[in-house]
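Asks: One structure is given below, represented as C-alpha cells, and several questions about it will come after.
Every number here is computed from the coordinates shown, using simple stated rules; none is lab data. Model, not experiment: these values are computed from the prediction. Glycine also receives a Cβ, built like all others from the backbone with ideal geometry; neighbour counts cover every protein chain displayed.
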Amino acid sequence: RMLKFGALAGTAVAAPAILTWPASAAQFSYKVANNLPQSHPMNVRLAEAIKIINEQSGGQLEFKAFPNNQLGADTDMLSQLRSGALEFFTLSGGILSTLIPAVSIYNTAFIFKDYSEVWPAMDGPLGGYLRGLIEKTGIHPMSKLWNNGFRQITSSTRPIATPQDIKGFKIRVAVSPLFISLFKALEAAPTAINFAEVYTALQTKVVEGQENALVLIDSAKFFEVQKYVSLTNHGWDAFFMLSNGRAWRALPPKLQELVAENLDKAALAMREDTMKLDQTLEIELKKKGMIFNRTEPAPFREVLRKNGFYAEWKGKYGADAWAVLEKQVGQLT
Ligand code: X2X
C-alpha cells in the first residue's frame, strides 16, 4: 500500500485520482462506523479487534474503522447500513427503534438497579428477543452489546436535583421516541439531535443540557461546555454491533466466526473498561470543573408513573416484549 503510494510520489502526474486511497487487495473490504470519539473505550477495543481480524483473515478481509461520525450522523449511518453502503455499525437501541420500535425497551427509565441486573438480561432472554427482532429486518447483530452506561444529566444552567428542577429544562436527547417521551413525561423541553451535533448545540446554548454516561461526558469533552452533572441514573444504554445482512452472509463461515468471536470479545473488554471508568470519572470531571449532585430516583419515577409513561410504553412495546422485560426486572406498572 505505502509502496504503491511511494512509487507515485515525485512523478508529475497530478490527477486527483492519484490522491485517492488505493483499493484494498482484500476480497472483503468492510467499513465499521460509530458515533463515538476516537478515545472512547469502544474505539480502543474495536481497533484492537479489527487488527486481529485483519491479520488472522490472511488478507481475505480488511476492516477499516470510521469513528466519531466520520461517515455521517447516526441516522445517516443507519441508512447507509440498510443500503449496504456501510457494512458494520454500532447503534443504540434507542435510535434503532426508529426502525424496529421494540428495541429501545431496555432504555425504559429506572428499570435496572445496576449492572448485576443489566448483563444477565441483555446476554439472556431479553437481549435474545431483541436480536431476533433485528434479524427479521435483514440486519445481523453480533451477540454482545457494547456498554454505553447509565445516563446522567449535564447542564450549563442549573443542577437537576428534584423533578421540580427539570420542568421546562431545554435538554438534548437522542433521535429516539422513547427518550423524547421520557423527558416530556418529566415535563422538560426535549429536542432530538444526533450525537454528531451535540457539542455545538451545548456550546451555542441551543439547549441547556444533555444526558449521557460519565464515560462519554468525559471523552466527548462536554466538561468544556457544561457545568453541572446530576447523577440521575435514569436509564441504561448500550450499542448493538450491527452488520448489513448481505455483507454478513457474503462472508464464508470461517470469517464470520473470526469476526463474531473477536467483536464479541472486544465488547466484553470494553464493558469492563467502561464500568471501571464509571467509578473514577466523578473525581476526574470534578478536577475539570464540573459540579456533581446526587438524586433520589423515587420522586422522578413517581412523576413518570403519574404522567402515564410506563403505561404508554407498555402499550407501545406490546405485551410480549413487556412480559420478557418484567420477567427480568420485576413489575413496572
Ligand atoms: O446520542 C447519544 O446520546 C448516545 C451517544 O448516547 C447514543 O448513541 C444514544
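Asks: Select from Q70, S143, S104 the residue farthest towards the positive end of the dipole of the chain; place +1 on Cβ of Lys and Arg, -1 on Cβ of Asp and Glu, and compute about the Cα centre.
Replies: Ranked along the dipole, the leading option is Q70.
Asks: To the nearest 0.05, what FRET efficiency results for K167 and T200 with a Förster distance of 25 Å applied to their C-beta separation? If you can, show how the numbers build up before the last one.
Replies: Working: r = 26 Å, r/R0 = 1.02.
Calculated value: 0.45.
Asks: Right, another one. How far is helix 41-56 tilted off the main Cα axis of the chain, in degrees rounded to 10, range 0 to 90?
Replies: Helix 41-56 sits roughly 30 degrees off the main axis of the chain.
Asks: Let me ask something additional. Compute, for region 256-300, the length of the dipole vector about the Cα centre, with Cβ point charges of +1 (Lys, Arg) and -1 (Asp, Glu) only. Units Debye, rounded to 20. Don't jump to the answer; show the numbers that get you there.
Replies: Working: 7 positive and 9 negative charges, 79 e Å.
Using only the charged Cβ atoms, the result is roughly 380 debye.
Asks: Follow-up question, since we're still on this one. Quick one: which of 268-279, 234-245, 98-109 comes out on top by average Cβ neighbours within 10 Å, and what's the full order, highest first? Walk me through the numbers on the way to the answer.
Replies: Details: 268-279: 16.9, 234-245: 23.7, 98-109: 21.9.
The peptides rank, most packed first, as 234-245, 98-109, 268-279.
Asks: Quick check: net charge around G124, other residues with Cβ under 13 Å of its Cβ, Lys/Arg +1 and Asp/Glu -1? Please list the in-between numbers first.
Replies: Numbers: positive: R131, K144, K327; negative: E117, D123.
Computed value for this residue: +1.
Asks: Report the charge-dipole magnitude of the chain in Debye, nearest 20, computed about the Cα centre from +1 at each Lys and Arg Cβ and -1 at each Asp and Glu Cβ.
Replies: Here the size comes out at about 400 debye.
Asks: Could you tell me whether the chain comes out rounded, prolate or oblate from its Cα gyration tensor? Rule is a ≥ b ≥ c as square roots of the eigenvalues, rounded for a/c under 1.5, then prolate if a/b exceeds b/c, otherwise oblate.
Replies: Details: a/c = 2.11, a/b = 1.50, b/c = 1.41.
It is prolate, given that a/c is not under 1.5 and a/b is the larger ratio.
Asks: Greater than 32 Å separation of Cα atoms is the criterion. Which listed pairs, K64/K170; K113/K144; K31/K205; K167/K286, meet it? The partial results should precede the final answer.
Replies: Working: K64/K170 37 Å; K113/K144 20 Å; K31/K205 34 Å; K167/K286 26 Å.
The answer is K64/K170; K31/K205.
Asks: While we're looking at this one, here's another question. What is the list of residues in region 68-108 whose amide nitrogen lies under 11 Å from a point 7 angstrom out from the Cα of K136, following Cα to Cβ?
Replies: Under cut-off, by backbone N: 100-103.
Asks: Let me ask another. Quick check: the distance between the Cα centres of region 112-160 and region 256-331, to the nearest angstrom?
Replies: 6
Asks: Just subtract the alpha-carbon distance of L268 and A26 from 0.36 nm times their residue separation and send over the number in nm, one decimal.
Replies: Working: separation 242, 0.36 × 242 = 87.12 nm, distance 2.78 nm.
In short, 84.3 nm is gained.
Asks: Ranked highest first by the average count of other Cβ atoms within 10 Å around their residues, in what order do 247-257, 215-225 fall? Each step should come with its number before you reach the end.
Replies: Values: 247-257: 14.5, 215-225: 19.7.
Descending packing order for the listed peptides: 215-225, 247-257.
Asks: I'd like to know which of N293, Y317, L258 lies farthest towards the positive end of the charge dipole of region 247-322, counting +1 on Cβ of Lys and Arg and -1 on Cβ of Asp and Glu.
Replies: Most positive-ward Cα: N293.
Asks: Working out 0.36 nm times the residue gap between I52 and E261, then minus their Cα-Cα distance, what length gain in nm do you get to one decimal?
Replies: On the way: separation 209, 0.36 × 209 = 75.24 nm, distance 1.07 nm.
Between I52 and E261, full extension yields an extra 74.2 nm.
Asks: Further question: Could you calculate the FRET efficiency of K221 with A73 from 1/(1 + (r/R0)^6), where r is the beta carbon distance between them and R0 is 30 Å, rounded to 0.05?
Replies: Values: r = 18 Å, r/R0 = 0.60.
Efficiency, from the Cβ-Cβ distance: 0.95.
Asks: Follow-up. What is the spin-label model distance, in nm, from D320 to R294 if the labels are put 7 Å beyond Cα along the C-beta direction?
Replies: 4.2
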